[in-house]
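The values are calculated or read from the model by the stated rules, or taken from the named source; none is laboratory data. Bear in mind the structure is a predicted one, so any value in this text is a computation, not a measurement. A quick note on method: Cβ atoms are made from the backbone with ideal geometry, for glycine too, and the neighbour counts reach across all protein chains shown. We work out accessible area using only protein heavy atoms, side chains counted, and drop any ligands, DNA or RNA first. Shrake-Rupley method; radii C 1.70, N 1.55, O 1.52, S 1.80 Å.
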Amino acid sequence: MLMSGKEYVDSLKGRKIEVYAFGEKIEKPCEHPLLKPSLNSIAATYDIAFDPKYTQLATATSHLTGKKINRFTHIHRSVDDLVKKVKLLRVLGQKTGTCFQRCVGWDALNALSIVTYEIDQKHKTEYHKYFIEFLKHVQSKDLTCAGAMTDVKGDRSLRPSEQADPDLYVHVVEKRDDGIVVRGAKVHITGVVHSHEIIVMPTRALTEKDKDYAVSFAVPTDTEGITLIVGRQMGDLRKLRGEYFDLGNFKYGAAGHEALVIFDNVFVPWNRVFMCGEYEFAGQLVETFASYHRQSYGGCKVGLGDVLIGAAALAAKYNGVLKASHIRSKLVDMVYLNETLHACGLACSYEGFKTSSGTFRVDSMLANICKLNVTKFPYEIARLAHDIAGGLIATMPSEKDYKDPKLGKLIEKYLRGVSDVPTEHRMKIFRLIENMTMSTGYLVESMHGAGSPEAQRIMISRLANFEEKMKLAKNLTGIN
Ligand code: SF4
Ligand code: FE
């Protein structure tokens, strides 16, 4: 089944989720102004499946049922699937200008399709069978899954089992005949309030002592014992007050939403458990997921870059400087940086390969290079956007002033750029640049989403094979 955006929104109603923000319980998260823009951007991942222009990118054929499904629930079966993923994310980034949140769960599904298979090969367990049943459920109902990896982690110098408080990493507290009971918390979980399911994975490589922390499972978001506390973002008061103009991107927001997800003795039936104690596979699951999500950023963030480049060019046009050579050169630099990110996302996809499970995986080295570039280039792109647009992006009067009968006339007159463009248009573009470059969605997420830069350096260092490179240098110089 393929859901439309509206059907998706309807499908979320009636859940009994425990969600809080600003010290209050949110009874209707789909209607709440704080959470509405992020809902709209996830809905865009549903609507695009019905857009004839993008059917090839946005839908796929399920390898389990042969039915047409939304690509966000598809398991990559070829290099072409990996490439289409990156292209789809770029288009959605262009359409929403923000994080559309559904990729984390998608990447978790693909990572689990590989790792559950490999655990079963070694341990004769049944996780892959459970996983496939879960996948069929997700595909047939066209569900959105949140991917929950990052634990709150407490003292970073200590392993999970060494922490003063054992709950600082999600762990199994009880094994029963019918399932397991888990406790702990996951942090900055993207899109979770508007997700039907939460897929939990370990956050790091684990040792035998941390066995209880080697746990992966999926539960509906409204499962008893789960509490969601939505994080603050820049611009949240503008959302709450309905200051649409000042939000820049009022429909989709400057970012998705993230939440702290607390699991307080949550019961998970065995057929929803995908790892339980196989600690030697925890690192592999983390790396496989991370590689997929680092690939993702070579799509989504590039789409956002396209929007920001467009906004900077418009700002220049409205300021009357579009033809200045230094402006043209800065815009070209923005494009060069943005396309380099896309090139990395595509490269790690084209170098993808088939795993024993049949799922195609991206090339880890190139996916990590992609993401490490994403921790840097968007900052430079944003810096150039600030340079081109000018200081008004940070000092401009508010929407309320602009709408005030007396002040509005003054603003209209004195904040005009070129005479044939209404002041309102100029202000809207400045607000878009402000919101895109000073909030979570484009920059902080580029830095820390899919792992902070040091995580990529660790992977790159592991994969770089410096020994081999030293040999190359020795060979040429005759050093034995
Ligand atoms: Fe998807 Fe990008 Fe948001 Fe991650 S940051 S969920 S890849 S849109
Ligand atoms: Fe992200």
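Out of the residues in region 247-261 that are under 14 Å from the mean Cα position of the chain (by Cα) and either among the aromatic types (Phe, Trp, Tyr) or in a loop (DSSP other than H, G, I, E, B) (or both), state the one that is farthest from ligand 2 (Cβ to nearest atom).
By that ranking, first place goes to Ala254.
How many residues are within 16 Å of ligand 2 (Cβ to nearest atom) and open to solvent by less than 10 Å² (accessible area, probe 1.4 Å) if we restrict to region 77-94?
Residues that pass the stated criteria total 6.
Could you look through region 95-106, keep only residues that are over 21 Å from Cys348 (Cα atoms), more than 11 Å from ligand 2 (Cβ to nearest atom) and not hydroxyl-bearing (Ser, Thr, Tyr), and pick out the one that is surrounded by the fewest Cβ atoms within 10 Å (Cβ to Cβ)?
In this case the residue turns out to be Lys95.
Can you tell me which of Val307, Val230 is within 14 Å of ligand 1 (Cβ to nearest atom), in contact (Cβ under 8 Å) with a residue 40 or more places away in the chain and over 30 Å from Thr355 (Cβ atoms)?
Of the residues listed, the single one that is within 14 Å of ligand 1 (Cβ to nearest atom), in contact (Cβ under 8 Å) with a residue 40 or more places away in the chain and over 30 Å from Thr355 (Cβ atoms) is Val307.
For Ala385, which of the numbered conditions (1) aliphatic (A, V, I, L, M); (2) more than 35 Å from the chain's Cα centre (by Cα); (3) buried (at least 22 other Cβ atoms within 10 Å of the Cβ) fails to hold?
Condition not satisfied by Ala385: (2).
Which condition does Thr207 not pass, out of (1) under 30 Å from Leu12 (Cβ atoms); (2) out of contact with any Gly (no Cβ under 6 Å at 6 or more places or on another chain); (3) among the polar types (S, T, N, Q), if it passes all the others?
(1)
Out of (1) under 19 Å from the mean Cα position of the chain (by Cα); (2) under 30 Å from Tyr414 (Cβ atoms), the odd one out for Arg361 is which?
Only one criterion is unmet by Arg361, namely (2).
In the list Asp264, Asp306, which residue meets the criterion of being part of a strand (DSSP E or B) and either of a type outside the set (A, V, I, L, M, F, W, C) or modelled with pLDDT under 95 (or both)?
Asp264
For region 403-480, list the helices (runs of 4 or more DSSP H) that sit wholly inside it and hold at least 3 residues that are over 30 Å from Gly231 (Cβ atoms) and either within 16 Å of ligand 1 (Cβ to nearest atom) or open to solvent by 30 Å² or more (accessible area, probe 1.4 Å) (or both); which are they?
Result: 405-414, 423-437, 453-463, 466-477.
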